[in-house]
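Derivation of every value follows stated rules applied to the coordinates shown; laboratory data play no part. Note that the structure is predicted; figures quoted are calculated from it, not measured. Cβ coordinates were reconstructed from backbone atoms using ideal geometry, including for glycine residues, and neighbour counts include every protein chain displayed.
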Amino acid sequence: MELAKLNRNTRILNIAAIVVLAIALGMIFFYAPVEQTMGNVQRIFYFHVGSAWVGSLAFLVALVSGIMFLRKPSRKWDTTAVAAVEIGLVFLSMAIVSGSVWGKPAWNTWWLWSPRLTMVTIAWLAYAAYFMLRGAIDDEERRGRFSAVYVIISFVTIILTFVSIRILRDIHPVVFGGAMESAQGASEGLQEFSGLDSMKMVITLNVSVIAFTLVFGAWMLNRIRLQRLTDETQILKSRVAAQLQGEV
Amino acid sequence: MTTPPISSEQSSFWPSIWTIMRKDLRIEQHTGQTVSVMVMFSLVTVIMFNFALGTNLGAARELSTGLLWATILLAGTLGLNRSLAIEQENQTFDALLIAPVHRNAIYLGKVFSISLFTLALEAILVVVFIVFFDKPFWRPPVLLVLAMGTFGYIAAGVLITSMSIQTRSRDVLLPVLLLPLSLPLVLPAAMAVSAYMFPQWPEWSEVQSAISLVLIYDLLMVTVGLFTYHYVVEA
């Protein structure tokens, strides 16, 4: 048996993620202009959008792995789904915390029970419960099957988060595909800033989204490798136990 | 000896849903345990919430739509657990699986019968809430939103409960899994219901988005249920 080695792709992606993340951070602090109404606080925005983006991307990956698992059960897809949900939860938490830190100066409160914020919290809870479900099932095959079904169901919360912000009135600005709505919201005085003020901001945002995506990719590969190592250790352990029993 | 021809799945699909519903309703008719437990539990919940709100009737009235939904959700978990766990315990569910019935017919049959139980509970709750909080819960659109919400909630609930009863922690796991998943439904449903609590009826445009969110949820959950249910009940 060969242990899951740190392969070349993972190494390259690890380094690329660190480098691009460093560039993105540099751009956020030194390249992007100061926003007129909010000042430096707005710089949180790049980080916030990046982590929210990775959050939904990770849950999409989990959904796809869930569907693939149901079509053809294999440990590979189960591991991918676990890794994606775990990482998605971390990034969603970062999005919530960074949003909250931004909300204090912008909305003068850490938290608002607006539809979008509520929906994101719900999604967070739904995905956290994924691990409760996994922990309650011993049989490996059944655990894989049930968690694949659950990961498909819980994606409904992500879909509804995206839909609700577009049809319910909300204080939270729409970033992805929402230029029209945010412009409209701004004219109604609903939102603090309408879209992005300058080209520099757009470039910084794109670089930080790319950086976060690379971090996600690298993290996924490392997490999957870690799971494979855990599995292999388990197999070796049971083999040793069997051998010891044979000697007695 | 000739074997009787097995009718194709398509032609027996709706009749078998109806048969499963009738079976559940008959059990309920004989024992009456599911609905009565749900009703008792909801009454206790409503009274308990009133302790939290104190004697402030104004505040209680404001919160009554949310309270109604919270009560339905909590009582719903009891109904789901009871109706599905009882089959698991008596191993009658295995018999259902052996029967030449499409898995989705079992799923829909269960969704419809447990929805009916929950609707029976809601009929009682609506009267209780009108008496306690003096709000127009009897309005047809309110009842319609209640029915739509219940259907979506139970559609998700049957799927989740079928999984949770097969795990180690069983009853404990159900609310943890199901309640977060039902919140995206309850949020717009409660918004729509509270829009109808004022003396004047709201404009359609005011409730349109909330009601369409409820509809989207129902559709998504039933679709996911139909596609994944047979993976959940596989031995």
Evaluate the relative contact order of chain B (contact order divided by residue number), counting alpha-carbon pairs under 8 angstrom at least 6 apart; express in whole percent. 24 percent
Let me confirm one metric for peptide A:64-74, namely the mean number of other chain beta-carbon atoms within 10 Å of its residues' beta-carbons. 1
Sequence gap at least 6, Cα distance under 8 Å: using those rules, report the relative contact order of region A:8-242 to the nearest whole percent. 33 percent
At 7 Å along the Cα-to-beta-carbon direction for both residue A:104 and residue B:215, put a label point, then send me their distance in nm to one decimal. 4.3 nm
For region B:140-229, rounded, prolate or oblate, judged on the Cα gyration tensor with a ≥ b ≥ c (square roots of eigenvalues), a/c < 1.5 rounded, else prolate if a/b > b/c? prolate
FRET efficiency for residue A:75 and residue B:52, using Cβ-Cβ distance with R0 set to 45 Å, rounded to 0.05: 0.40
On the principal axes of its Cα set, how long, how wide and how thick is the protein assembly as shown? Give whole Å, largest value first. 80, 77, 45
Taking 8 Å as the Cα distance limit and 6 or more residues as the minimum spacing, I'd like the relative contact order of region A:89-154 as a percentage. 28 percent
Amide proton proximity set for residue A:35, modelled H, under 5 Å, gap of 5+: A:42
In Å, the Kirkwood hydrodynamic radius of region B:13-233 over pairs of distinct alpha carbons? 18.0 Å
As I understand it, the value is the acute angle between the Cα axis of helix B:57-89 and the longest principal axis of the Cα atoms of chain B; what does it come to in degrees, rounded to 10? 10 degrees
In degrees, nearest 10, range 0 to 90: what is the angle between the Cα axis of helix A:8-26 and the longest Cα principal axis of chain A? 20 degrees
With only helices counted (DSSP H, runs n ≥ 4, each -39500 (n - 2.57)), the per-residue ellipticity at 222 nm for the protein assembly as shown, to the nearest 500, works out to -28000 deg cm²/dmol
The FRET efficiency for residue B:144 and residue B:62, from their Cβ-Cβ distance with R0 = 25 Å and rounded to 0.05, is 0.65
How many nm separate the modelled label positions at residue B:43 and residue A:40, each set 7 Å beyond the Cα in the direction of the Cβ? 6.3 nm
Sorted largest first, the C-alpha extents of chain A along its principal axes in whole angstrom are 78, 36, 30
Given a Förster distance of 41 angstrom, what is the FRET efficiency for residue B:74 paired with residue B:230, based on the Cβ-Cβ distance and rounded to 0.05? 0.90
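If you count, for every residue in A:108-116, the Cβ atoms of partner chains within 10 Å of its Cβ, what is the mean?
Counting Cβ atoms of other protein chains within 10 Å of each residue's Cβ and averaging gives 1.
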How far apart, in nm, are the 7 Å Cα→Cβ label points at residue A:245 and residue B:97? 2.7 nm
Degrees, to the nearest 10: B:9-31 long Cα axis against longest axis of chain B: 60 degrees
Which whole-angstrom value gives the distance between the alpha carbon centres of region B:62-130 and region B:183-235? 17 Å
